[in-house]
Number of protein chains: 2
Amino acid sequence: MLGAFSTDHPELSLSELSRKSGLPVSTVHRMLGELTAWGALERGADGRYRIGLRLWQVGSLAPRSQGLREHAMPFLQDLSQITRENVQLAVREGAELVFVERIAGSGAVPVLTRVGGRFALTATGVGLVLLAHAPVDVQEQVLTGPLEHFTPRTITDPQVLRRLLADIRANGYAVSERQVTMDSLSVAAPVRDGDNAVIAAVSLVVHHGSASPRALAQLVCTSARAISRAMAAPRT
Amino acid sequence: MLGAFSTDHPELSLSELSRKSGLPVSTVHRMLGELTAWGALERGADGRYRIGLRLWQVGSLAPRSQGLREHAMPFLQDLSQITRENVQLAVREGAELVFVERIAGSGAVPVLTRVGGRFALTATGVGLVLLAHAPVDVQEQVLTGPLEHFTPRTITDPQVLRRLLADIRANGYAVSERQVTMDSLSVAAPVRDGDNAVIAAVSLVVHHGSASPRALAQLVCTSARAISRAMAAPRT
């Protein structure tokens, strides 16, 4: 039932929850009572239900998101303060990515992302890095599936994408130019754990034409390596 | 069963979960299968269970934490960049507070907080602000209960606390000097929603003796008002 809540539907009524879950109203009503008593859900003055603080607290124990974020945050802050641009941190979840952190730059280009939100792996800088280092079966699933167009520049030819992923592995970073919005450029690099496995990607997203991808790549690779070192080191 | 996970126990085995929940191993095993399939939990290579990315994602839809955080983050960033000190954002949950955001300052005084973590209302700057504006029954519950000592300076006399809470309401900010750790000073101010209700508190935590409480109060009150304005304005 918790899966019925989403970015587009952060608040739901009893009847909406019954419809979305396919469960009878009486069953949903009883479950809502239990979930609200525990704090997983909260009921607003308008009678609608939303995700509660207690569930957010339990969720914040997830090592793959909040744990990663705690290690990465000082370096993301540095990158944000030095560049004043958008800084993003994402992990792969199946054939999509999930944004774990986003620091908006003052006056930076608008971006489509939200912390906790999902996105396709094939268009953004972080997505391309995560796809380039995903298991082969995930790559095949993505490349043989429908590939979404966000702008006329979005690459949707599987052969072109395959070559691009090989380049990303060779170069150590990914460049996504006007592939998500026509005015943005993103450059991303992989974050690795102590076993050298790619566990996340960090990116800078700037106005297209405002900086060279190569200069951004040096910055973002430096930050990604610093985060990787922090992840590999024993937690203090 | 999700409530068995905590900051102190972020990873649990099947038998630990059975013990903590008081349910038979066979029942816990079946529930773990369902929770893992949905993504609420993830199983590590060591066979232990931890909170999964999916639950973190659902939790990130909570308006009282992540929603507040999204509005507040640009102002917290500004405060962090201008002062280079610790910036904290907290909400009240019953008779305790929950930290929603924490930005560590470079070289700032060490603090005891963790995002998603709980703390007493009676010692920190943010806690005193939240307690000062809590419903009377919550204040009574806290003031008549056991009051924890963190340092020799922690105020634990209910009468002294009562006067302090009145001062905080009158002054518009709270000062906590060496009450949580002997080397820290925190100054906090309330964040209000469109109906003028106090929904959160923001604070600066600095080395004791490094700045005047009054100067910090002006900074933190300015940020708190800016966040309040952003919360009251229709979301863009």
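We did not get these values from a lab; they are worked out from the coordinates using the rules stated. Computed from a prediction, not measured in an experiment: that's the story for all the values here. Ideal geometry is used to build each Cβ from the backbone, glycine not excepted, and the neighbour counts take in all protein chains shown.
Tabulated results
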item	result
5 angstrom amide H check on A:Thr154, placed H, neighbours 5+ away	none
A:Trp38, B:Trp56 arranged by Cβ crowding within 10 Å, fewest neighbours leading	A:Trp38, B:Trp56
Binned Cα-Cα distances of the protein assembly as shown, short to long, each 10 Å bin given as a whole percent	4, 19, 28, 27, 17, 5, 1, 0
C-alpha center-to-center spacing [segment B:128-183, segment A:15-71] in angstrom	31
Candidates A:Glu34, A:Glu177, A:Glu85: whichever shows maximal mean-square fluctuation once chain A is modelled as a Gaussian network with Cα springs under 10 Å	A:Glu34
Cut-off under 5 Å, modelled amide H: who pairs with B:Leu121 long-range	B:Leu97
Shortest-first nm distances, B:His207 label point to equivalent points in other copies (7 Å, Cα→Cβ)	4.0
Overall form of segment B:132-236 per C-alpha gyration tensor (a/c, 1.5; a/b vs b/c)	oblate
Highest-fluctuation residue, B:Leu97, B:Leu204, B:Leu32 considered, GNM on chain B with Cα pairs under 10 Å	B:Leu32
In Å, descending, principal axis extents of the Cα set of segment B:2-59	29, 25, 22
Segment B:178-193 residues near the modelled B:Ala233 label - backbone nitrogen below 19 Å, point 7 Å along Cα→Cβ	B:191-193
Integer Hz, Karplus 6.51/-1.76/1.60 couplings in order for segment B:144-149, x for Gly and Pro	8, x, x, 10, 6, 8
³J(HN,Hα), Karplus 6.51/-1.76/1.60, whole Hz, each residue of segment A:74-91, x for Gly, Pro	x, 6, 5, 4, 4, 4, 5, 6, 6, 9, 6, 10, 6, 10, 10, 10, 9, 10
Taking A:His9, A:His71, A:His208 and counting other C-beta atoms within 10 Å, the order from fewest to most	A:His9, A:His208, A:His71
Largest-first principal axis extents of the Cα set of segment B:63-232 (Å)	38, 37, 28
Long-range amide H partners of A:Glu101 with built H, under 5 Å	A:Leu89
From phi via Karplus (6.51, -1.76, 1.60), per-residue ³J(HN,Hα) for segment A:150-163 in Hz, x at Gly/Pro	9, 9, x, 8, 4, 7, 10, 8, x, 5, 5, 4, 4, 5
Pairwise FRET efficiency - B:Arg162 versus B:Asn196, Cβ, R0 = 22 Å, nearest 0.05	0.45
Volume in Å³ per residue [convex hull over Cα atoms, computed for segment B:1-132]	142
Shielding by partners - mean other protein chain Cβ count within 10 Å, residues of B:105-114	1
Distance in nm between pseudo-label sites at A:Val136 and B:Thr222 (7 Å out along the Cβ direction from Cα)	5.9
Surrounding net charge for A:Leu131, when Lys and Arg each add one and Asp and Glu each subtract one, Cβ distance under 15 Å	-2
Chain A Cβ-axis minimum, rotational copy B, residue and distance in Å	A:Gly59, 1
